[in-house]
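Student: One structure is given below, represented as structure tokens, and several questions about it will come after.
The values are calculated or read from the model by the stated rules, or taken from the named source; none is laboratory data. Keep in mind the model is a prediction, meaning the values are calculated, not measured. Counting neighbours? That spans all protein chains shown, and the Cβs are built from the backbone with ideal geometry, glycine included.
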Amino acid sequence: MEELKKVEPELADQFEVVGQKLNAGNSSGLLLHNEEQNVEINSKEHIGKGRCHHAGEWEGLLERVRRLPQFEHFLKPVPFCQLRQAATGGQVVIVNASMYGAHALIFDASHQIQLVPLPNADIEQLSELVGDLLSHRPMHAHQENPKISYST
């Protein structure tokens, strides 16, 4: 979103607003606006129609974003060929952790991916470490070193 805000700030704002509306629609009631007054409607039909409308808006905005240069993979996993390119200077390590277990994927530009189980990994500690990395990274880390990517 940071990059999108630099390139298309209005589109980024629209995308965030619609996303917030979709998240707000997860509650039991939905506040709809008509010209005379705000009316709270709790019927499942109206809630469903509102969510459907916002989901359609969100999909349309997502399609617009993905048509922009450099944003074709927006909110999608990075394709492996791009990850592999990041490994030209050394190994790439991706840690995948959940309540079900943790593993590291290690690869470079030419060798097969190695799967390394991390049976003693502490998920809370890993989450904290990721948070620390994200809070201490340069605001424009991707411009300084395009091989660095952060994700939670």
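Student: What residue, of Glu45, Glu35, is out of contact with any Lys or Arg (no Cβ under 6 Å at 6 or more places or on another chain), in a loop (DSSP other than H, G, I, E, B), at pLDDT below 90 and not basic (Lys, Arg)?
Tutor: Numbers: Glu45 fails: in a loop (DSSP other than H, G, I, E, B).
So the residue among Glu45, Glu35 that is out of contact with any Lys or Arg (no Cβ under 6 Å at 6 or more places or on another chain), in a loop (DSSP other than H, G, I, E, B), at pLDDT below 90 and not basic (Lys, Arg) is Glu35.
Student: Six or more apart or on different chains, Cβ atoms under 7 Å: show the pairs whose first residue is in the range 97-120 and at negative phi and whose second is loosely packed, with under 10 Cβ neighbours inside 10 Å and in a loop (DSSP other than H, G, I, E, B).
Tutor: The qualifying pairs do not exist here.
Student: Give the residue, chosen from Gly101, Gly50, that is at pLDDT 85 or above, more than 19 Å from the chain's Cα centre (by Cα) and not acidic (Asp, Glu). If you could, list the steps in order and put the result at the bottom.
Tutor: Working: Gly50 fails: at pLDDT 85 or above.
Every option except Gly101 fails the conditions.
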